[in-house]
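Taking it in order: structure first as structure tokens, then the write-up.
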Amino acid sequence: MSAMYPKLTNWSDLPRLNADEFFAIFPLAEEAYEDDESEFYDGDVDDLEFIVIKGDVSISREQLQEMDATLQNDRMLRIAVDGHAQVDGSAYALFVVKGDLHCNWLGIDTSWASYSVHGRVYARDCVFVSASDEGWMRTLPATRIDTPLLFLWNYKPDTIDLNPDAVMFVLGFEWWGSKLPNRCYAHKEIVHRVDRRFLTPFTCEYSEEDVLDSGAIIRALAAGESIYRSGFDVRCDEALDAAIAAINKGDYRLGYFYYKQAATIWPDFYPAYMGMAGTLCAVSAHAQAYDVYLEASKRFPPEQTGLVNDALNMAARIALRFGWLELAYDLSTQSIDFTRVSGWEDKLLTEGYWIRAETCIAQGDMAAAQRDLEQSLRFDQGEPQPNWLMGQLCFRRGDLEQARAFHAKAARRWSGTPYYDVADTYIEGFNPVSVDWDQRDPATVLPA
């Protein structure tokens, strides 16, 4: 690390200040304390002592380790910099920096406060913002950050003044999107971009766990390595953005070509194939969509068995609608067998089970359909499709009261859909439609 400020010499022999003396130098910290900012200190602030390094300073890795060892032995001590600071590594040992902070990487947790860095954080490699709290997303105190990669676990990014070219990775169940213009990958979107070396598998679809291996990421970035999956290119997501914009304007053909462009850039990009297949379904080209869903299913990360390979379920549903019952049964079984759930409260297998159950009804195996529907409803009692199908089974055996009860439960979630005491199923078929989009080279259609 080349020093951009004068190198720190001696620090441990600097005088130790009391709280009043510290607040006189750092009035923002005093304001936070008076406003009862909970993370300032849980006990009596008069018990604390402060070492304040005056002026702009560069701190070596060895000095950071010395500071950390001192702080471990003296829990009442805090170290601050009255100026700009540059550190070789992360600034975990510094309580307050009055100016800008320059570092290789930075870890921010619930102890981070409005006064932690008065200026701007410049992190060469990445910033991690994390909290172990589950059940809600925290809001970070207003913070100014420049970094190429920002990882957030159970934190919203909206209060961060972030450089526009930073890429965000967000984990946390209660996630409703970001107001920032930055590229953002949330929750399971991460598994299609970040290399498996830096991820632990999700245990379930609705997990709030931190699946990012921060240590491995920090080491890789320090070595100049990429954390993305081999072959991934940011142009893939730019093509996805263009596809969505085209479809929102009603131009499904153009949207399809953009999705295909993403798949051409990186042939293993699962979201591109899901986009192509979904677009084909939107124009009722289901038979062609079926083939693309099969291609997508092969590109789902095989280690992520806590998630659902939606491509398998979608292909199974199309096979069911066409009456390809053996295929529908096999694909729904593959979906069920792939996903490993952590508990019965999870809803991952609901769809796979009801698709297979409806296939069993069409094949005349009512006992197998009953078993699968019971499993589907065990995962999600309010899901409309298994309730509707269970009502059909009840109707078939003459239990009309039970049939009406199951159909009523389905109707609560399928508002506006009429329900009748009849024995028809999803297998009604539809007129086959095909498009000639694959006969054109995307480069001849898309803008340069």
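Bear in mind these aren't lab numbers, they're just calculated from the coordinates by the rules spelled out. Predicted, not measured: the structure shown is a model, and the values here were computed from it. Please note: Cβ atoms are built from the backbone with ideal geometry, for glycine as well, and neighbour counts cover all protein chains shown.
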Computed FRET value (nearest 0.05) for Ala287 with Lys179, which takes r as the C-beta separation and R₀ as 51 Å: 0.80
At 0.36 nm per residue, minus the direct Cα-Cα distance, what do Gln363 and Asp46 gain on full extension? Give it in nm, one decimal, please. 106.4 nm
Cut-off under 5 Å, modelled amide H: who pairs with Asp213 long-range: Leu199, Thr200
Neighbour-count ranking for Phe26, Phe169 (other C-beta within 10 angstrom, fewest to most) reads Phe26, Phe169
So what is the relative contact order for the range 35-121, in percent, with contacts set as C-alpha pairs under 8 Å and at least six apart? 27
Paramagnetic reach from Thr200 in the range 300-329 [backbone N under 15 Å; point 7 Å along Cα→Cβ]: 304-306
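Could you give the alpha-carbon Rg of the chain over 2.2 N^0.38 Å, rounded to two decimals?
Here the answer is 1.25, to two decimals.
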For Cα pairs less than 8 Å apart in space and 6+ apart in sequence, what is the mean separation divided by the residue count of the chain, i.e. the relative contact order in percent? 8
For a quick check: sort Tyr155, Tyr252 by the number of other beta carbons within 10 angstrom, fewest at the front. Tyr252, Tyr155
For Lys188, list the aspartates and glutamates whose Cα falls under 14 Å from its own Cα; do not include residues on the same chain fewer than 8 positions away. Glu174, Glu205, Glu208, Glu209, Asp210, Glu303, Asp310
The range 97-253: relative contact order from alpha carbon pairs under 8 Å, six or more residues apart, as a whole percent, is 15
Between Asp88 and Leu71, what length comes free when the chain is fully extended (0.36 nm per residue of separation minus the Cα-Cα distance, one decimal in nm)? 4.3 nm
Here the range 43-60 yields Karplus 3J(HN,Hα) values (6.51, -1.76, 1.60; θ = phi - 60°; whole Hz; Gly and Pro given as x) of x, 7, 4, 5, 7, 7, 10, 10, 9, 10, 8, 8, x, 6, 8, 10, 10, 7
Antiparallel %, DSSP beta bridges [both residues in the chain], to 5: 10
For the range 1-119, rounded, prolate or oblate, judged on the Cα gyration tensor with a ≥ b ≥ c (square roots of eigenvalues), a/c < 1.5 rounded, else prolate if a/b > b/c? prolate
For the residue pair Asp399 and Ser12, what label-to-label distance in nm results when each label sits 7 Å from Cα along the Cα-to-beta-carbon direction? 7.7
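Just from its helices, what would the mean residue ellipticity at 222 nm be for the chain, if runs of 4 or more DSSP H residues each count -39500 (n - 2.57) and the sum is divided by every residue, rounded to the nearest 500 deg cm²/dmol?
Calculated from helices alone, the mean residue ellipticity at 222 nm is -12000 deg cm²/dmol.
May I ask you to order 145-154, 363-372 by the average number of other C-beta atoms within 10 Å around their residues, highest value first?
145-154, 363-372
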Can you put Thr350, Thr359, Thr333 in order, fewest other beta carbons within 10 Å first? Thr333, Thr350, Thr359
Could you give the distance between the Cα centres of the range 36-104 and the range 204-272, to the whole Å? 38
Farthest positive-ward along the chain dipole, Cα basis, beta-carbon charges - from Gly275, Cys126, Tyr5: Gly275
